[in-house]
């Protein structure tokens with residue numbers, strides 16, 4: 001913010017003279033404290049509500065935290081009849097699907113950001129950028145539906161059988177496990193769709209940090225006879241390096257908590273660990289989504305809320321890390337993020 | 001030049017790599033082509049999703065879709081989405097009614113009063129963080145504070161969950177837009193003897209009107225297509241909303257909504273149910289992308305979002 005803080009007392013300019021103006025001024029002087037109070041209250045409400053969210057999650061998941069202890073994080077079980085709950089499969093599924101998403105989305109986002117910043121006319125850049133940002137406004141459930149009706153059949157009939165027929169198909173982590181269900185509904189498919197859901201976020205942040213690279217530095221590179229790619233790789237990317245790490249963090253945090261699309265595509269197998277990315281699995285968010293409305297057992301509800309708390313903490317860690325990182329980058333490079 | 005950039009220490013400068021101009025230009029071209037392919041791929045995905053939704057959704061759009069409630073019998077070939085469309089409008093409007101005033105005032109606080117103070121900085125940081133919190137967690141939260149204690153699902157709980165998602169967005173966009181208003185405008189308002197609240201509302205906000213409307217609309221658009229926060233708050237219903245209170249009312253019971261209905265129907269094996277789900281998807285996309293493009297065209301004057 002470049003503006004200077006001005007805090008002129010409102011009385012300073014009050015009209016002097018007639019009685020009428022004076023009474024009016026006195027009446028209006030009440031307006032200011034009220035207005036300021038309302039604004040401050042709203043601001044504080046925002047903060048308190050957000051902190052309240054965390055507190056409520058902790059309170060409601062307390063029975064599960066004390067009742068299940070570390071079993072929640074270290075075992076694989078989800079059985080209301082025996083009262084055993086362990087979310088290890090969900091944790092593994094969440095990280096695997098997010099990882100697949102990032103492997104696809106990060107390089108794609110980087111080349112798009114490079115294009116937007118360095119290669120095309122600003123007008124073209126704005127149009128392309130807007131279309132990609134529009135991807136972000138497509139609801140999760142629509143991605144889920146497109147995924148289940150068109151991408152799942154494609155994976156099942158073409159991509160997954162092809163990959164498994166190559167030598168790559170024997171590699172642990174890719175070779176199908178006991179739960180393999182044709183590869184259509186799988187952690188991999190969920191990751192692919194997730195990639196396109198987080199693509200706009202990573203692209204937008206990367207583009208912004210690449211824009212912070214000083215023009216003069218780039219021009220110096222061109223002046224020495226570098227090609228566009230050499231300027232990008234040795235100046236722009238190096239300069240924007242840490243900002244891009246922040247962008248990846250933001251994308252990672254987003255992908256972790258995506259619910260509906262993943263719930264459609266990941267297969268919701270939550271009683272055993274996936275052996276491969278082509279196996280069906282589950283994620284924290286989809287486990288909550290699929291089980292919450294049917295849960296009647298108090299411990300199960302509490303366990304599901306605890307899962308929510310775990311996801312909340314995970315995403316907050318990623319958010320805070322990304323924010324702090326990006327702020328540092330902004331300070332170091334002196335630009336706008 | 002390559003050696004200089006890669007190794008700043010002079011001792012390493014000696015083995016200077018020499019590459020032909022043709023080779024370097026070829027690499028350059030490959031990268032440019034890859035960038036274009038990447039960007040076109042991103043646009044193609046966007047186009048593919050739109051195409052799928054439009055083609056499949058239009059098949060489901062007929063008079064019944066907009067006039068009939070969702071069918072009770074999953075095997076029926078009649079029925080529409082009308083009750084869910086109405087429900088989504090009511091739930092979203094409820095969320096907007098809660099979040100827009102509070103979010104706006106919070107934004108005013110951040111831009112006009114809090115500025116760079118410690119309180120404002122913490123509020124800003126908290127809302128930045130919460131903007132990245134998954135929407136399902138907000139649903140769990142609304143369940144815990146409204147559904148569990150009251151022992152029933154309600155459309156209002158859904159609105160509260162959506163309002164929660166809107167609040168930080170609304171506050172931060174309001175702040176950003178108010179910060180764009182030049183300080184001279186505030187100073188002249190104050191110099192005329194107007195009290196602070198009047199300057200803020202009548203001068204600053206009036207100058208930033210377009211941006212504020214855009215911000216509020218985009219905040220609404222952001223939550224209109226949400227499903228996860230409604231799964232266990234508004235739930236779903238086959239019936240029309242009956243009013244405010246009572247088991248079929250906004251505060252009293254589950255309220256039909258497009259996204260949860262889509263979720264149930266897309267998981268159904270019956271083609272007509274799936275068709276209705278696609279119809280719902282098209283409706284929500286038209287609403288979201290339409291508003292998105294409309295406000296951008298109307299109010300965006302050179303400012304980038």
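The values are calculated or read from the model by the stated rules, or taken from the named source; none is laboratory data. Just so it is clear, the model here is predicted, and its values are computed rather than measured. Because the Cβ atoms are built from the backbone with ideal geometry, glycine has one as well, and the counts that use them run over all protein chains shown.
Somewhere in segment A:264-276, is a residue within 19 Å of residue A:192 (Cα to Cα), in a helix (DSSP H, G or I), modelled with pLDDT of 85 or more and within 9 Å of chain B (Cβ to nearest Cβ)? Looking through segment A:264-276, at least one residue is within 19 Å of residue A:192 (Cα to Cα), in a helix (DSSP H, G or I), modelled with pLDDT of 85 or more and within 9 Å of chain B (Cβ to nearest Cβ).
All but one of (1) in contact (Cβ under 8 Å) with a residue 24 or more places away in the chain; (2) facing chain A (nearest Cβ under 10 Å); (3) assigned to a helix (DSSP H, G or I) hold for residue B:275, so report the exception by its number. Only one criterion is unmet by residue B:275, namely (2). Annotation: of all residues in segment A:233-246 being more than 17 Å from residue A:331 (Cβ to Cβ) and more than 8 Å from chain B (Cβ to nearest Cβ), the one that is surrounded by the most Cβ atoms within 10 Å (Cβ to Cβ) is A:236.
Residues in segment B:165-195 that are part of a helix (DSSP H, G or I) and either over 18 Å from the mean Cα position of the chain (by Cα) or loosely packed, with under 15 Cβ neighbours inside 10 Å (or both): B:178, B:179, B:180, B:183, B:184, B:185, B:186, B:187, B:188, B:189, B:190, B:191. Hey, among B:102, B:137, which residue is facing another protein chain (nearest Cβ under 9 Å), modelled with pLDDT of 90 or more and buried (at least 24 other Cβ atoms within 10 Å of the Cβ)? Every option except B:137 fails the conditions.
Return yes when residue A:223 is at pLDDT 90 or above, surrounded by fewer than 18 Cβ atoms within 10 Å (Cβ to Cβ) and either out of contact with any helix residue (DSSP H, G or I) (no Cβ under 7 Å at 6 or more places or on another chain) or within 10 Å of chain B (Cβ to nearest Cβ) (or both) and no when it is not. Yes, satisfied.
Residues being more than 7 Å from chain A (Cβ to nearest Cβ) and on the phi < 0 side of the Ramachandran plot: count how many of those fall in segment B:140-151. Looking only at that region, the number is 7. Go through (1) surrounded by fewer than 14 Cβ atoms within 10 Å (Cβ to Cβ); (2) away from chain A (no Cβ under 13 Å) and name the single condition residue B:51 misses. The single condition residue B:51 does not satisfy is (2). In the set A:111, A:76, A:117, A:48, only one residue is at the interface with chain B (Cβ under 8 Å from one of its Cβ atoms) and either modelled with pLDDT of 85 or more or over 23 Å from residue B:141 (Cα atoms) (or both); that residue is A:111. Residue selection: residue A:59 fails the criterion of being more than 7 Å from chain B (Cβ to nearest Cβ) and either more than 26 Å from the chain's Cα centre (by Cα) or at pLDDT below 90 (or both).
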